[in-house]
Amino acid sequence: MSTILFHEIVFGPIHSRRLGTSLGMNLLPYDGKLCSFDCIYCECGYNDDFRTKTKLPDRDNVKAALEDKLIRLQQEEASIDVITFAGNGEPTMHPEFAGIIDDTIELRDKYFPNAKISVLSNAMHISKESVFEALKKVDNNILKLDSAILDTVRLIDRPNAPSYTIEKQVELFKQFDGEFIMQTMFVRGSHNGRIVDNTTEEEISAWLEAVKATSPKEVMIYTIDRETPEKNLDKVPLEDLKRIGERVEQLGIKVSISG
Ligand code: SF4
């Protein structure tokens, strides 16, 4: 299986379809994946196939690695659009996530004051006060909601918490008062003999209700781009993504589409 695992704390800069020139931050182990979801489209592979044997990097090491990289980029007169927390799993699972965000803001302001800070999150941990407060400080707080139908989330994203509900997530999203970006992966295919399609009318109607209820400042719509652990998945055609995007725009919400 071809997967992408990051073997450093700070990686890149790389070109991101959604964010531009992006310096990546991996707060997860180097040798595996750690996530509270186990998405069937995850570019890092399935959780069970990439169990980690190493510890998470601590806050001081993360800060030192980032500062070192920013100094080098400055010396090379490179430019970066964004510092992005993504990596081998869910960044908000790091116990020092809030402190690391504070350090990152401090270093960004010192070396690349025009760069944005983005966090790509599955939104499972936003009920934790320190995670919520940290996400409020970043420029792009990008939270996943792939479907507003629980059965579909359990099929596609496979959250590890039995207590995960759409209603709870919607209420938590609302607490950001619109200061978040919703990210939604649209995908079709099959998994374990079941049809996967979060683009049906039933799906889109329910999802638009969740978008309306939570009023994000932007919605990022995208589809698979690389190899996925579930092989029976297909890209959703750009035309279909655009049609979904038009319905979001009709709600008065900005949309970005990566097909
Ligand atoms: S939330 Fe992100 S890192 Fe976690 S399994 Fe899904 S795609 Fe992978």
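Scanning the range 140-161 for residues that are among the aliphatic types (A, V, I, L, M) and either open to solvent by 10 Å² or more (accessible area, probe 1.4 Å) or more than 13 Å from the ligand (Cβ to nearest atom) (or both) turns up ALA148, ILE149, LEU150, LEU155, ALA161.
When you check THR84 against the structure, is it surrounded by 14 or more Cβ atoms within 10 Å (Cβ to Cβ), of a type in the set (Ser, Thr, Tyr) and either under 23 Å from LYS144 (Cα atoms) or in contact (Cβ under 8 Å) with a residue 12 or more places away in the chain (or both), yes or no? Judged against the criteria, THR84 is a match. Tell me, yes or no, whether the range 130-139 has at least one residue that is among the small types (Gly, Ala, Ser), open to solvent by 10 Å² or more (accessible area, probe 1.4 Å) and farther than 23 Å from TYR222 by Cβ. Yes, the range 130-139 has at least one match.
In the range 24-78, which residue that is among the acidic types (Asp, Glu) and farther than 27 Å from LEU233 by Cβ is surrounded by the fewest Cβ atoms within 10 Å (Cβ to Cβ)? Out of the qualifying residues, it is GLU77. Screening the range 133-224 for strands (runs of 3 or more DSSP E) wholly inside it with 1 or more residues that are within 23 Å of THR104 (Cβ to Cβ) returns the ranges 140-144, 181-186, 218-223. In the range 52-64, the residues that are closer than 15 Å to PHE97 by Cα reach residues that are modelled with pLDDT under 95 with C-beta atoms within less than 6 angstrom, at least six apart or across chains, in these pairs: PRO57/ILE9; VAL62/ILE9. Selection over the range 77-102 of residues that are over 16 Å from the mean Cα position of the chain (by Cα) and over 23 Å from THR52 (Cβ atoms) gives a count of 6. Selection within the range 87-106: residues that are surrounded by 17 or more Cβ atoms within 10 Å (Cβ to Cβ), more than 16 Å from the ligand (Cβ to nearest atom) and of a type in the set (A, V, I, L, M, F, W, C). The member of this set that is nearest to GLU129 (Cα to Cα) is ALA98.
Here's the yes/no breakdown for (1) more than 19 Å from ILE224 (Cα to Cα); (2) of a type in the set (Phe, Trp, Tyr); (3) in a loop (DSSP other than H, G, I, E, B):
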{"site": "LEU27", "(1), (2), (3)": "yes, no, yes"}
{"site": "ASP31", "(1), (2), (3)": "yes, no, yes"}
{"site": "TYR41", "(1), (2), (3)": "no, yes, yes"}
{"site": "GLY45", "(1), (2), (3)": "no, no, yes"}
{"site": "PRO57", "(1), (2), (3)": "yes, no, yes"}
{"site": "ASP68", "(1), (2), (3)": "yes, no, no"}
{"site": "GLY87", "(1), (2), (3)": "no, no, yes"}
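Filtering the range 199-219 to residues that are under 23 Å from TYR41 (Cα atoms) and either open to solvent by 60 Å² or more (accessible area, probe 1.4 Å) or in contact with a Lys or Arg (Cβ under 8 Å, 6 or more places away or on another chain) (or both) leaves THR199, GLU201, GLU202, ILE204, LEU208, GLU218, VAL219. Looking across the range 174-198 at every residue that is within 16 Å of the ligand (Cβ to nearest atom) and farther than 17 Å from ASP139 by Cα, the one that is surrounded by the fewest Cβ atoms within 10 Å (Cβ to Cβ) is identified as HIS191.
The values are calculated or read from the model by the stated rules, or taken from the named source; none is laboratory data. Keep in mind that what you see is a predicted model, and the values were worked out from it rather than measured. Note that we place each Cβ from the backbone using ideal geometry, even for glycine, and neighbour counts take in every protein chain shown. Note: areas computed on protein heavy atoms with side chains; ligands, DNA, RNA excluded. Shrake-Rupley method; radii C 1.70, N 1.55, O 1.52, S 1.80 Å.
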